[in-house]
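These notes are about the structure you will find just below.
The values are calculated or read from the model by the stated rules, or taken from the named source; none is laboratory data. Please read all numbers here as calculations on a predicted model, not as lab measurements. Neighbour counts are summed over all protein chains in view; Cβ atoms, including those assigned to glycine, are modelled from backbone coordinates with ideal geometry.
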Amino acid sequence: MGVPETNPKIPMLSPSLYKTDFYAWTQEQVTLLRNQQWSQIDLQNLIEEIQSLGKQQRQ
């Protein structure tokens with residue numbers, strides 16, 4: 001398999017986007033996950049968000 005292409009409609013942005021535009025950050029993370037660009041994923045914030053979502057669903 002070749003290198004996955006990135007979505008040209010969603011530029012790769014800095015992790016600070018997490019604090020300034022949460023929706024854009026989520027869309028960027030989805031693109032990175034779909035393209036299997038593991039090294040570019042904002043892993044720390046992604047883990048926190050999944051954990052938070054799990055806690056919300058548990059309640």
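Taken over the stretch 34-44, the criterion of being exposed (fewer than 10 other Cβ atoms within 10 Å of the Cβ) and not polar (S, T, N, Q) is satisfied by Trp38 alone.
For the stretch 45-59, the criterion of being touching a helix residue (DSSP H, G or I) at 6+ places or on another chain (Cβ under 9 Å), loosely packed, with under 13 Cβ neighbours inside 10 Å, among the charged types (D, E, K, R) and at pLDDT below 95 is met by none of the residues.
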